[in-house]
Amino acid sequence: MSTVEERLYPIAVLIDELKNDDIQLRLNSIRRLSTIARALGEERTRKELIPFLSENNDDDDEVLLAMAEELGVFIPFVGGVDYAHVLLPPLETLCTVEETCVRDKAVESLCRIGSQMRETDLVEWFIPLVKRLAAGEWFTARVSACGLFHIAYPSAPDTLKTELRSIYSQLCQDDMPMVRRSAASNLGKFAATVEPAHLKTDIMSIFEDLTQDDQDSVRLLAVEGCAALGKLLEPQNCVAHILPVIVNFSQDKSWRVRYMVANQLYELCEAVGPEPTRMDLVPAYVRLLRDNEAEVRIAAAGKVTKFCRILSPELAIQHILPCVKELSSDSSQHVRSALASVIMGMAPVLGKDATIEQLLPIFLSLLKDEFPDVRLNIISKLDQVNQVIGIDLLSQSLLPAIVELAEDRHWRVRLAIIEYIPLLASQLGVGFFDDKLGALCMQWLQDKVYSIRDAAANNLKRLAEEFGPEWAVQHIIPQVLEMSTNPHYLYRMTILRAVSLLAPVMGSEITCSKLLPVVINASKDRVPNIKFNAAKVLQSLIPIVDQSVAEKTIRPCLVELSEDPDVDVRYFANQALQTIDSVMMST
C-alpha cells in the first residue's frame, strides 16, 4: 500500500462504514471517532474528518446522538482550545434536528466546548452561532439556542450583551410554546451571568412575561425560575418581584403549576426571609396542603418537614400541624405515604412536648394504616423520634404497633421491621429486647417467605454482634439448635444459613462445641438440598475452627458426602475438601 493510500485509509473506512445500511456498524464507527482522529493526526482531523462529519446526513437518531456526545470531548484531537471552533459547525447542525435527545446532547457538548474556548474565539465563533440558531427558521434551532446564552453572554462586549438580552427576550415571546418552554427552563442559568443592574430590569420583565404565559407548561417552568432568581436578587427585590408571583402561582388554575410551587416553596422561604414567609408563604403553603388535587397534596406533604425547619416551632404548631392531622387521614394513600416518609423529621423541629402531645397520635394512626407503604415509611424513620422523646415513651406508645407489624400480612412490611430490629435493639438495651422482641426474632426464622427467613438469619448475626457471644449462647443458640430438627426442610435450611452467619461472630470454641454438631447432623439429612448446603457451611467453617477439628471432624463428614448418590452433594463436598487441602498445604 502506498503512503498516500495509508494516509487516506482511516477516512475511507469511516466513509464506507457511515454509509453502510447496518445501523450497528454506523454506530460503532461513530464511537471510534477518537481512534480515527488519533490515526489521522490533528491537522487532518480538522481539515478532513470534521468537514466530513458536518456534511454527514445520517437520519438515524442513535447515530446522531453518539456523534453529538463524541464531539463534546473532541478538543484534544483537533489541536486543543486554539482550534475548538472547528467543532462548532457539526454541532450547530445537530442542534437543529427534530429528535429532542440529540439536540439536548448537542447543546450540552457546545456548552462544554464553549466553556473551554478563549474569549476572543467565543466572540468570533460562538456568539454568531448562538445568534444564527436564535434566528433559525425551524423552531428546533431556537429551542437549542436558549441553552447556550449563559456560555456566550459573559465574554460578550457591552453592545453584544445588549443584543443577546434582546434576543432572549424575543425567544421568551416566541410563537412556538416549545421555544418559550426552553427559554423559561434556561432563564435561571442565563440570569446568573447577567449584571445586577440588568437583572432587575431586563430579566425581571422577561420573567414577568413568562409567568403570565397562556400555556401552563411554560408557567410551571417559570416556577423553577422563581427559586433561581430569588437566590440572585436581594431580599427586598425578591419580596417585591418574586413573592407576588409565587402567591399567585399557588392559586393557579393549572394543578401542574401548583404542584411545582409545592415542590419549590421552601427554597423561596430562604430567599425572602422570615417575615414575608410568615405573612405570605405560610398561608400559600397551607392552601397547597389542602389543595383539591391529590398530586399537589403529595408534593406539599413531602416537603412538610423542610418547611417546618424554616419556621419557628410555634408557627409550625399553629399553622402546619392542623394540616398534617388532616393529611394523615387523607383519602389518597399516596398522600399519606408521602407524609409518612417525612413526618418523623418534624419531631426534632417541634420539640419533646409537642411531639408527645400532637405527633405521637398521628404516628400511631399511620402505623395502623391499611396501605403497607405508609406503615413502611413510618417504621424506617423511628430513630428520629427516639432522639426526641426517649426510648421509654417510644417503647410504651409505638412498640405494641411494631410488634403487630412484625406479623403483618405484607411480607415487605415484615422485612422492614426485621431490618430495623438491630437499631431498635441497640436503643432499647438487652433487658428490654429480651422481654419484648426476642421471641419475634426466632419466629421469623419460620416465615413462609424466603426473603424474611434470610433476613431473620442475618438479623441474628447482627444481634450477636450488638450484644456479644455470651448473650447469643444463652438466648439465640439454644433456640437455633431446637429448630434444627424442624420437620420442614426449608426451615432446616434457614438454620444452616443462620449457623454460617453466626460462626464468625461466635468464635472457634463456641462454633466447635455448639454449631458444628448441628451441621454434621444436617449432612446426614434425607434431603439432598440440606446435604449440599451442609457441605457449603462446613466449607465456610474450615477457616474458623482449629485444623485438628477440620481434619478429625469435618473431613470424614465431607468424604462421606463426596460419595453421595446426588451429583450436587458430591460437587459441593469435593469443593469443601479442596478448601481443607489448600488450608493444610498453606500451613
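Ranking Gln479, Met493, Phe467 by how far each Cα lies toward the positive end of the dipole of segment 455-503 (charges on Cβ) leaves Met493 at the top.
The charge dipole of segment 145-200, taken about its Cα centre with unit charges on the Cβ of Lys, Arg, Asp and Glu (plus for the first two, minus for the last two), comes to roughly 180 debye.
Taken about its Cα centre, segment 233-312 carries a charge dipole of roughly 300 debye when the Cβ of each Lys and Arg holds +1 and the Cβ of each Asp and Glu holds -1.
What does the net charge come to around Val413 if you take all other residues with beta carbon closer than 13 Å to its beta carbon, with K and R at +1 and D and E at -1?
Details: positive: Lys368, Arg375, Arg409, Arg412, Arg414; negative: Asp369, Glu370, Asp373, Glu404, Glu407, Asp408, Glu419, Asp447.
Cβ neighbours under 13 Å give a net charge of -3.
Remark: relative contact order (segment 444-514) = 36 percent; criterion is Cα-Cα distance under 8 angstrom and separation of 6 or more residues.
For a test of the definition: using alpha carbon positions, the gyration tensor, and the 1.5 limit on a/c, classify the chain as rounded, prolate or oblate.
Values: a/c = 3.20, a/b = 1.39, b/c = 2.30.
Oblate.
Relative to the Cα centre, the charge distribution of the chain, modelled as +1 at Lys and Arg Cβ and -1 at Asp and Glu Cβ, gives a dipole magnitude of about 1380 debye. Taking GluC sites (Glu not before Pro) across segment 307-388, the ones in a DSSP loop with at most 13 further Cβ atoms lying within 10 angstrom of their Cβ are Glu370.
Lysine pair count for segment 406-542 (Cα-Cα distance under 23 Å; residues 8 or more apart in sequence or on different chains): 11.
Specify whether the C-alpha gyration tensor of segment 472-587 places it in the rounded, prolate or oblate class, a ≥ b ≥ c being the square roots of the eigenvalues: rounded for a/c under 1.5, otherwise prolate if a/b is larger than b/c and oblate if not. Write down the numbers at each step before the final one.
On the way: a/c = 2.23, a/b = 1.12, b/c = 2.00.
Oblate, because a/c is 1.5 or more while a/b does not exceed b/c.
With a 1.4 Å probe and all protein chains kept in place, how much accessible area does Tyr450 have, in Å² rounded to the nearest 10? So the heavy atoms of Tyr450 present about 140 Å² to solvent. Counting Lys and Arg as +1 and Asp and Glu as -1 over every other residue whose Cβ lies under 12 Å from the Cβ of Asp546, the net charge comes to -1. Tell me whether segment 19-153 comes out rounded, prolate or oblate; compute the Cα gyration tensor, take square roots of the eigenvalues as a ≥ b ≥ c, and use a/c under 1.5 as the rounded threshold. It is oblate, given that a/c is not under 1.5 and a/b is not larger than b/c. Farthest toward the dipole's positive end in segment 312-368, which of Ser332, Leu315, Ile362, given Cβ charges of +1 (Lys, Arg) and -1 (Asp, Glu) about the Cα centre? Projecting each Cα onto the dipole axis, the largest value belongs to Ser332. Candidates Met279, Cys512, Ala406 compared by Cα position along the dipole of the chain: farthest toward the positive end lies Cys512, with charges placed on Cβ.
Given a Förster distance of 60 Å, report the FRET efficiency between Arg526 and Gln116 from their Cβ-Cβ distance, rounded to the nearest 0.05.
Details: r = 71 Å, r/R0 = 1.19.
Computed FRET efficiency for Arg526 and Gln116: 0.25.
Tell me the per residue accessible area of the chain using a 1.4 Å probe; a whole number in Å² is fine. Roughly 45 Å² per residue, with all protein chains present.
Contact order, relative form, for the chain: 5 percent (alpha carbon pairs under 8 Å, 6 or more residues apart, mean separation divided by residue count).
The values are calculated or read from the model by the stated rules, or taken from the named source; none is laboratory data. All values reported here derive from a predicted model rather than from experimental measurement. Reconstructed Cβ throughout: ideal geometry from the backbone, glycine too, with neighbour counts over all protein chains shown. For accessibility, only protein heavy atoms count, side chains too; no ligands or nucleic acids. Shrake-Rupley method; radii C 1.70, N 1.55, O 1.52, S 1.80 Å.
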